[in-house]
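*Asks:* One structure, as C-alpha cells, below. Some questions next.
Derivation of every value follows stated rules applied to the coordinates shown; laboratory data play no part. None of these values were measured; they are calculated from a predicted model. Positions of Cβ are backbone-derived with ideal geometry, glycine not excepted, and every protein chain shown enters the neighbour counts.
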Amino acid sequence: MYSWDSDTSGWYGKADYAYGKKGEAKRAAAAERAKKQGPRSYEKKSAPNEKIINPTKHITTSSKNPLIIAIDVTGSMASWPFEIFDRLPLLYNTLSQYRDDLEICFAAIGDTKVDRWPLQVTSFANGFDLEQQLGSLFGEGGGGDAAESYGIFAHWVNTHITIPNAEEKPFLIVFGDIYMHETTSASEINHFLGDRLTHDVNSLQAWKEVSQKWNTWFLRRPTGERGDKVDQQWGDAIGEQKIFHIEDEQRAVDYAMGLIARAWGHFGNFQDNMRARQSSDKVDHVSKLVEMICPKCGAPIPVNADGMFTCKYCGTTLKI
C-alpha cells in the first residue's frame, strides 16, 4: 500500500520523482499522523460506519477545488473501494501539489431496490482525515437487476452539497459499468436521504443538473460494447464526450488523476509521477487515452490533429 510520506524511493519505477512545494505542510502532517497510527490496512467488514457515511447529512466545503469520487460498489464493482483506498495517499498527495486546498468527498453507490446501504457518502476532507472517511465505506456488493441507483446520488449532489467558493467547475468522477434506473421515486429519496419530496425524480435530468455545476465524468470499466445502452444513457445524462472507457482496471485511479492533472495544467508532472511507479508502456497507454480528449469538456481530438487544435464544443485551444 502507498504511504503518506513524501519518500518515493521505494516506488516500482526507476525514474526519480519528488512532490512539489504546494501542499507540502499538509503532506508532512499526514505523514506524521500515519506514523503514529502504524501500517495502513483496509480490512473487509460487514457494514459501513453509519455515523460517517449517513446520506441524510448536508455537507459543505470552503475549498476552491473540491473533488467528488463516487464508486459503484455492486457486484463486480465491489472491490473498487479497496483499489482506491490502496492509492489514497498517492491520489491526494499528487493532486494537492497542484492545488493545495483540495478537499475530497467519497461516495459508494448501490441499488435502492435491494441494498441496505444504496448510498454512502463522506464529508469533504483533506490529508490523513481521508483515511477514516474512505475507510468507512462498505462494498456491499449487492444490486438486483441490471440498473443501479446512480440517480439518487445525483439528487443528493444537487440538494445536499454546498460549494460556495469553487472558482470553476470542480471535478466529479464516477467509476461504474452499468446504466441507471431512469426514475428515482420520492419514497426512496425520502427514506434514504431524509427528504420530504412529493414527486419522483428523473435520474437523467438530475445528472444534467449535476453537470451544470460539476465537471462530471463517467469512467467505465471495460465491459459491454462502445455505443451500447450504457453509453447511450450516460451520454444523454452527462454528454457522450464525458464517458471515458477504462482499458486497464489497475490504472483506474491513474486515469482519474491524469484527467484532472491535464485540466489543471500539470499533465507533464503527472506523467513523471507515473513513470516513477509504472513501466513506460503503461504510462504511454494512459497518456495516449487522456491526451486524445479535450481537457475541459472531454470532446475527442482527431487523431490527425496537428499544431493548434480548437475544440468545437467548448472553444478550448490546445497545442498538439
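*Asks:* How many nm separate the modelled label positions at LYS44 and SER79, each set 7 Å beyond the Cα in the direction of the Cβ?
*Replies:* 1.0 nm
*Asks:* Let me ask another. What distance in nm lies between label points placed 7 Å from Cα along the C-beta direction at LYS288 and ASN165?
*Replies:* It works out to 4.2 nm between the two label points.
*Asks:* Ranked highest first by average number of other Cβ atoms within 10 Å, how do 115-127, 52-64 line up?
*Replies:* 115-127, 52-64
*Asks:* Would you work out the relative contact order for the stretch 24-319, in percent, from Cα pairs under 8 angstrom that are 6 or more residues apart?
*Replies:* Rounded, it is 16 percent for the stretch 24-319.
*Asks:* Could I ask something else about it? Could you work out the percent of alpha carbon pairs in the stretch 1-106 separated by over 22 Å, rounded to a whole number?
*Replies:* Of all Cα-Cα distances in the stretch 1-106, 42 percent exceed 22 Å.
*Asks:* With charges set only on the Cβ (+1 for Lys and Arg, -1 for Asp and Glu), what does the dipole of the stretch 59-155 come to about its Cα centre, in debye to the nearest 20?
*Replies:* Dipole magnitude for the stretch 59-155 comes out near 160 debye.
*Asks:* Quick one: grab the alpha carbon gyration tensor of the stretch 95-232, order the square roots of its eigenvalues as a ≥ b ≥ c, and give me rounded if a/c is under 1.5, else prolate or oblate depending on whether a/b is larger than b/c.
*Replies:* Note, shape of the stretch 95-232 comes out rounded.
*Asks:* May I pose another question? Give, as ranges by residue number, the residues of the stretch 247-279 whose backbone N falls under 14 Å from the point 7 Å along Cα→Cβ of LEU318.
*Replies:* From the stretch 247-279, the list is 258-268.
*Asks:* Taking the Cα of GLN205, stepping 7 Å toward and past its beta carbon, and measuring to each backbone N in the stretch 158-189: which are under 17 Å?
*Replies:* 158-159, 181-189
*Asks:* Sort by residue number and report every cysteine in the chain with no other cysteine beta carbon within a distance under 4.7 Å.
*Replies:* CYS105
*Asks:* Follow-up question, since we're still on this one. Based on the Cα atoms of the stretch 31-184, what semi-axes does the equivalent ellipsoid have, where each is the square root of 5 times one gyration tensor eigenvalue, given in whole Å with the largest first?
*Replies:* 25, 20, 13
*Asks:* For the stretch 287-310 and the stretch 89-163, what is the separation of their Cα centres, given in Å?
*Replies:* 29 Å
*Asks:* Between SER3, ILE109, VAL157, whose Cα lies farthest towards the positive end of the dipole of the chain when Lys and Arg beta carbons carry +1 and Asp and Glu beta carbons carry -1, centred on the Cα centre?
*Replies:* The one lying farthest along the dipole's positive direction is SER3.
*Asks:* Moving to a separate point now. Which shape class, rounded, prolate or oblate, goes with the stretch 199-308 when its Cα gyration tensor gives a ≥ b ≥ c as root eigenvalues, a/c under 1.5 marks rounded, and past that a/b bigger than b/c marks prolate?
*Replies:* prolate
*Asks:* Got a sec? How would HIS285, HIS191 order by Cβ neighbour count within 10 Å, fewest to most?
*Replies:* Ordered by Cβ neighbours within 10 Å, fewest first: HIS191, HIS285.
*Asks:* Is the chain rounded, prolate or oblate when judged by the Cα gyration tensor, a ≥ b ≥ c being the square roots of its eigenvalues, rounded requiring a/c under 1.5 and prolate requiring a/b larger than b/c?
*Replies:* oblate
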